[in-house]
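Here's the structure we're looking at; comments come further down.
The values are calculated or read from the model by the stated rules, or taken from the named source; none is laboratory data. Computed from a prediction, not measured in an experiment: that's the story for all the values here. Cβ sites come from the backbone with ideal geometry, for glycine too, and all protein chains shown count toward neighbours. SASA here: full protein model, heavy atoms, side chains in, ligands and nucleic acids out. Shrake-Rupley method; radii C 1.70, N 1.55, O 1.52, S 1.80 Å.
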Amino acid sequence: MEQIEYMTNILFALAKRLQKPLDKTLECIEKSHLLPILDKAYHCRKQKSSNEIVNELTEKILAV
């Protein structure tokens, strides 16, 4: 349950940063092939803050 909550918070932060609805944010993640980064986000939460993960995803989505 904690993992789902953490990843949901990442998605909300990313959607807010991109100024897109959640469904469009998920489409961007899928089109950019960034699902593995999102999957690993929970496991590497002790090395990287959620803000760093959101920044990384944002940069990669905007680069596409």
Nearest 10, in degrees from 0 to 90: the angle of helix 22-31 to the longest Cα principal axis of the chain is 90
Note, K24: beta-carbon cut-off 13 Å, +1 each Lys/Arg, -1 each Asp/Glu, net +1
Given Cβ charges of +1 for Lys and Arg and -1 for Asp and Glu, the option among C28, T58, I10 whose Cα lies farthest towards the positive end of the dipole of the chain is T58
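Computed FRET efficiency, Cβ-Cβ of L22 and A63, R0 22 Å: what is it to the nearest 0.05? Mind dumping the intermediate values first?
Details: r = 21 Å, r/R0 = 0.96.
So the FRET efficiency works out to roughly 0.55.
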Where a ≥ b ≥ c are root eigenvalues of the Cα gyration tensor, a/c under 1.5 meaning rounded, otherwise prolate if a/b exceeds b/c and oblate otherwise, the chain counts as prolate
Subtracting the Cα-Cα distance of E5 and E30 from 0.36 nm times their residue separation yields 7.0 nm
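Dipole magnitude of the chain about its Cα centre, charges +1 at Lys/Arg Cβ and -1 at Asp/Glu Cβ only, in debye to the nearest 20? Don't jump to the answer; show the numbers that get you there.
On the way: 10 positive and 9 negative charges, 34 e Å.
Once rounded to the nearest 20, the dipole reads 160 debye.
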For the chain the trypsin sites (Lys or Arg not before Pro) that pass both the DSSP coil test and the at-most-11 other-Cβ-within-10 Å test are K46
Over the chain, with neighbouring protein chains present, the accessible area per residue in Å² at probe 1.4 Å is 71
Cross-link reach from K16 to lysines, straight Cα distance under 17 Å and at least 8 residues apart if same chain, gives K24, K60
